[in-house]
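Data first, discussion second: the structure below is written as structure tokens.
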């Protein structure tokens with residue numbers, strides 16, 4: 001029997017970088033990323049006489065639900081009409097993985113209301129067409145934490161999770177999003193990857209070595225200084241690979257300036273998530289001090305307090321509550 005009402009909450013993700021692409025690599029892309037507590041997507045779902053989507057991201061959610069309903073119908077799985085009320089969500093295309101999290105959450109809700117067990121995340125990904133380049137959001141939806149994915153060998157593969165660590169929850173994460181800016185997405189992103197030069201094998205080797213021998217051990221040891229150094233080294237190399245498509249190592253809006261201000265403020269591991277423009281930085285100071293620091297950054301940068309949040313990682317995936 002399907003539930004009367006579902007409440008779903010899924011975290012956002014920070015993407016620290018892809019590891020490589022090009023004909024010299026057997027597996028394409030691969031990457032590293034982290035699931036964070038805020039911002040998050042929250043919505044309720046319940047049966048309805050006719051389909052209805054209210055709140056935030058309504059157009060995107062409507063497209064996702066129609067695709068899911070049609071593909072499940074091909075498998076003789078009938079999804080009843082649903083009312084989705086999306087009460088909380090960051091904007092799309094700002095480097096927080098909103099499309100993946102929303103797609104997986106809606107697909108999970110569809111299975112619930114069809115009276116079916118929710119399948120593994122890999123199947124939800126294939127159903128919704130996610131994970132074409134990165135598996136961080138897919139595995140983060142299920143597990144949370146810091147995730148390394150090993151890329152995909154073929155066009156129908158879902159990137160495998162090859163490492164996952166619990167991330168120190170006492171570390172604060174400052175997330176800064178310049179208003180009105182967007183990263184590459186859709187056709188522009190497809191064309192960018194088509195035109196980008198292949199990543200030299202030596203760069204991929206260095207990125208993998210940095211993750212395996214520097215970044216992951218520093219997280220396991222809760223050493224934020226070493227973590228910050230390793231992450232910024234990763235960002236320099238990744239940014240160089242993406243520079244031909246975005247006009248520099250970071251998003252040309254204000255990302256370079258914001259990253260520099262974060263460093264001056266004593267934050268570590270400063271970088272850009274995915275195509276940006278969202279910037280992140282880390283600190284192990286008391287949360288109250290980091291909150292004050294965020295206010296100072298807001299005054300220096302003048303981009304609006306709603307564009308700066310202080311959050312932490314989450315070591316669990318999406319929460320689905322049946323009511």
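Nothing in this text is a laboratory measurement; each read-out follows from the coordinates by a stated rule. Since we're looking at a predicted model, the values are computed, not measured. Backbone-built Cβ (ideal geometry, glycine too); neighbour counts: all protein chains shown.
Before rounding to the nearest 500, sum -39500 (n - 2.57) across all DSSP H runs of length at least 4 in the chain and divide by the residue total; then give [θ] at 222 nm in deg cm²/dmol. Don't skip to the end; give the middle numbers.
Numbers: 10 runs with 121 residues, N = 323.
Dividing the helical sum by the residues of the chain leaves -11500 deg cm²/dmol.
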Using a Gaussian network for the chain with springs between C-alpha atoms less than 10 Å apart, which of these wobbles most: 261, 42, 188? 188
Roughly how tilted is helix 287-301, in degrees to the nearest 10 and between 0 and 90, from the longest Cα axis of the chain? 80
Pseudo-spin-label distance residue 321 to residue 5, built 7 Å along Cα→Cβ, given in nm, is 1.0
Taking the Cα atoms only, what angle lies between the long axis of helix 224-246 and the longest principal axis of the chain, rounded to 10 degrees? 80
Simple SL model, points at 7 angstrom along Cα→Cβ for residue 190 and residue 212; separation in nm is 3.5
Pull out the extension gain between residue 203 and residue 243, defined as 0.36 nm times the separation in residues minus the alpha carbon to alpha carbon distance; nm, one decimal. 13.0 nm
For the chain, with a Gaussian network of springs between Cα atoms less than 10 Å apart, report the residue from 145, 248, 17 with the top mean-square fluctuation. 248
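Defining a contact as two alpha carbons under 8 Å apart and six or more residues distant in sequence, what relative contact order in percent does the chain show? List each step's numbers first, then the result.
Values: 687 pairs, mean separation 81.5, N = 323.
Over the chain, the number comes to 25 percent.
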Relative to the present Cα-Cα distance, how much length would full extension add between residue 257 and residue 233 at 0.36 nm per residue of separation? 6.9 nm
As a test of understanding, state the convex hull volume per residue of the range 196-323 from its alpha carbons, in Å³. 161
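Any chance you could run the full-extension gain for residue 76 through residue 52? It's 0.36 nm times the residue separation minus the Cα-Cα distance, nm to one decimal. Provide the component values of the computation, followed by the final result.
Numbers: separation 24, 0.36 × 24 = 8.64 nm, distance 2.26 nm.
Here the segment from residue 76 to residue 52 would lengthen by 6.4 nm.
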Calculate the FRET efficiency for residue 62 and residue 87 from the Cβ-Cβ distance with a Förster distance of 22 Å, rounded to the nearest 0.05. 0.85
With axes computed from alpha carbons, what is the tilt in degrees of helix 98-113 against the longest principal axis of the chain, rounded to the nearest 10 within 0 to 90? 30
For the chain, take the alpha-carbon Rg, divide it by the Kirkwood Rh, and send me Rg/Rh. 0.97
Estimate the FRET efficiency between residue 223 and residue 300 by the formula 1/(1 + (r/R0)^6), using the beta-carbon distance for r and 45 Å for R0, to the nearest 0.05. 0.95
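Using Cα pairs under 8 angstrom and six or more residues apart, how large is the relative contact order of the range 152-250, in percent? Write out the running numbers ahead of the final one.
Values: 49 pairs, mean separation 23.9, N = 99.
Result for the range 152-250 is 24 percent.
Label the range 6-95 by shape, choosing from rounded, prolate and oblate, from the square roots a ≥ b ≥ c of the eigenvalues of the Cα gyration tensor; if a/c is under 1.5 it is rounded, and otherwise prolate applies when a/b is larger than b/c, oblate when it is not. Each step should come with its number before you reach the end.
On the way: a/c = 2.96, a/b = 1.55, b/c = 1.91.
Oblate.
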Mean-square fluctuation check for the chain, GNM, Cα pairs under 10 Å: which of 190, 64, 36 is largest? 190
